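Okay, so here's the structure we're looking at.
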Amino acid sequence: MNFLEERILKDGIIKEGNVLKVDSFLNHQMDVRLLDMIGEEFYRRFADKPITKVLTIEASGIGIAYAVARCFDVPMVFAKKAKSINIDGDMYKAEVESFTHKNKNQVIVSKKYLSADDHVLIVDDFLANGCALQGLISITESAGASVEGIGIVIEKGFQFGGKSIRNLGYHLESLAIVESMDAETQTVVFREQ
């Protein structure tokens with residue numbers, strides 16, 4: 001069992017509807033030492049790739065992407081869910097559906113921050129159905145950049161997102177893959193990796 005699986009067992013809370021709450025350490029309150037460990041682990045797994053940018057989606061992916069980008073010593077870019085008056089010029093756009101929030105958002109990245117010269121590592125906190133990842137892949141490919149890899153902190157292995165992304169040929173690494181979880185007993189079973 002790795003450091004992340006241990007932390008999920010210690011502090012994760014399982015809710016009805018296949019929801020795993022990790023907001024006490026990952027995506028509301030953040031354990032910065034844990035984020036550093038996550039960044040270092042993704043660096044170890046993708047160190048052979050020529051990464052020039054780390055890409056994620058707001059908001060939960062930002063802290064994770066920062067830790068990863070810091071290890072690679074490259075810029076981190078995040079797709080915004082709303083256009084504001086601060087964003088000017090042309091943008092790459094994709095529509096993504098959130099499993100957790102049960103809504104669709106159009107996400108945007110300024111064309112100033114992603115180009116055909118970039119070798120992108122996409123990172124995010126969760127992978128369930130893969131909609132957010134497909135949006136980030138679409139944005140990356142629209143820029144002419146290459147997706148060098150995808151790093152997910154927690155994958156719900158019992159949902160189809162991981163399988164569908166891997167079937168598309170992408171190098172996907174998940175630090176913890178939940179095979180099953182039970183809200184009544186508060187038990188989590190992880191996939192052997």
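The values are calculated or read from the model by the stated rules, or taken from the named source; none is laboratory data. Remember, predicted model here, so these are calculated numbers, not experimental data. All Cβ positions, even for glycine, are placed from backbone atoms using ideal geometry, and neighbour counts span all protein chains on display. In case anyone asks, the SASA skips ligands and DNA or RNA and just uses the protein heavy atoms, side chains included. Shrake-Rupley method; radii C 1.70, N 1.55, O 1.52, S 1.80 Å.
Computed from the C-beta positions of Glu179 and Arg45 and an R0 of 22 Å, the FRET efficiency is 0.65 to the nearest 0.05. Averaging over all projection directions, the Cα-based convex hull of the stretch 93-159 occupies 4.4 nm² in the image plane. What does the C-alpha gyration tensor say about the overall shape of the stretch 1-63? Classify as rounded when a/c is under 1.5, otherwise prolate if a/b is larger than b/c, or oblate. Since a/c reaches 1.5 and a/b is larger than b/c, the shape of the stretch 1-63 is classed as prolate. About its Cα centre, the dipole of the stretch 1-92 is roughly 120 debye, where the only charges are +1 on Lys and Arg Cβ and -1 on Asp and Glu Cβ.
Counting only protein chain heavy atoms and rolling a 1.4 Å probe, the accessible areas of Arg45, Arg70, Arg33 rank, largest first, as Arg33, Arg70, Arg45.
Dipole magnitude for the chain: about 460 debye, using +1 per Lys or Arg Cβ and -1 per Asp or Glu Cβ, origin at the Cα centre. The calculated Kirkwood hydrodynamic radius for the stretch 123-167 is 10.8 Å, given to one decimal from all distinct C-alpha pairs. Could you tell me the distance between the Cα centroids of the stretch 7-24 and the stretch 37-73, to the nearest Å? Cα centres, the stretch 7-24 to the stretch 37-73: 23 Å. Projecting the Cα positions of Met91, Ser115, Ser24 onto the charge dipole of the chain (unit charges on Cβ atoms of Lys, Arg, Asp and Glu, taken about the Cα centre) puts Met91 furthest along the positive direction. When Lys93, Lys49 are compared by accessible area of protein heavy atoms, the largest-first order is Lys93, Lys49, using a 1.4 Å probe. Placing Tyr92, Tyr66 in order of accessible area, with the largest value first and a 1.4 Å probe, yields Tyr66, Tyr92. The gain in end-to-end length when the Val189 to Asp73 segment is fully stretched comes to 38.3 nm, 0.36 nm per residue minus the alpha carbon separation.
For the chain, the spherically averaged projection of the C-alpha convex hull amounts to 10.4 nm².
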